[in-house]
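Chemist: Would you mind keeping the following structure in view while I ask a few things?
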Amino acid sequence: MTDRGKGLLLVFTGNGKGKTTAALGMTMRAIGHGQRVCFIQFIKGSWQYGELTAADRFKDLLDFHVMGRGFTWKSDDLEKDIAIAREGWQLARKAIADNQHQLVVLDELTYLASYSMIEEEEMVEVLTSRDPAMHIIVTGRGAGDKLIQAADLVTEMREIKHPYASGVKAQKGVEF
């Protein structure tokens, strides 16, 4: 273990809102301490998220990658989605192996295992074989048992009430 301390594997899962938001908050915290962060978004598409605009302001410490075409369960070309997701996974593996970041965020990674795009065992092997000082955050619904067992921290976001249920659409600055 280096003098940076013990790296943690943190998982934010569940059906409630806030998983990506929590990861972004921790990203800002790490950047505030001068730490380098690699943030990879799986699944999410190419439309303009607020976090993409903000990421440009922190280019010296934040490597931000969007590796998806949108919500896969509505896909018109699942094979293309799988290929892009696997490309994103290779980018994640490289970021972890290169060990140039103190924090690596893998946003929506859980879907790659739940949709059988990658094996959960492979995911856990890569995440747990990282440099012992590196922190990794994994977000997404339906985190698997093996990932949960390997994690140091698991937080489940549980939806109690959501404005979408009463017809309020996603809003700039809140959902994206």
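The values are calculated or read from the model by the stated rules, or taken from the named source; none is laboratory data. Since we're looking at a predicted model, the values are computed, not measured. Cβ placement follows ideal geometry from the backbone for every residue including glycine, while neighbour counts extend to all protein chains displayed.
Chemist: If only one of 139, 155 is hydroxyl-bearing (Ser, Thr, Tyr), under 17 Å from the mean Cα position of the chain (by Cα) and crowded, with 19+ Cβ neighbours inside 10 Å, which one is it?
Modeler: Just a single option satisfies the conditions, and that option is 139.
Chemist: Name every residue in region 13-64 that is among the β-branched types (Val, Ile, Thr) and under 30 Å from residue 145 (Cα atoms), in order of residue number.
Modeler: Selection gives 13, 20, 21, 27, 37, 40, 43.
Chemist: Continuing with this model, one more query. Looking at region 15-41, which of its residues are basic (Lys, Arg) and either farther than 15 Å from residue 56 by Cα or at pLDDT below 95 (or both)?
Modeler: 17, 19, 29
Chemist: Identify all residues within region 146-176 that are β-branched (Val, Ile, Thr) and part of a strand (DSSP E or B); write none if there are none.
Modeler: 154, 155
Chemist: Considering only residues that are hydrophobic (A, V, I, L, M, F, W, C) and either farther than 12 Å from residue 147 by Cβ or surrounded by fewer than 19 Cβ atoms within 10 Å (Cβ to Cβ) (or both), which ones fall in region 100-117?
Modeler: If the condition is that a residue be hydrophobic (A, V, I, L, M, F, W, C) and either farther than 12 Å from residue 147 by Cβ or surrounded by fewer than 19 Cβ atoms within 10 Å (Cβ to Cβ) (or both), then 103, 104, 105, 117 are the ones that fit.
Chemist: State all residues of region 90-145 that are in a loop (DSSP other than H, G, I, E, B), of a type in the set (Asp, Glu) and touching a Gly at 6+ places or on another chain (Cβ under 9 Å); if no residue qualifies, say none.
Modeler: Answer for region 90-145, where residues must be in a loop (DSSP other than H, G, I, E, B), of a type in the set (Asp, Glu) and touching a Gly at 6+ places or on another chain (Cβ under 9 Å): 108, 131.
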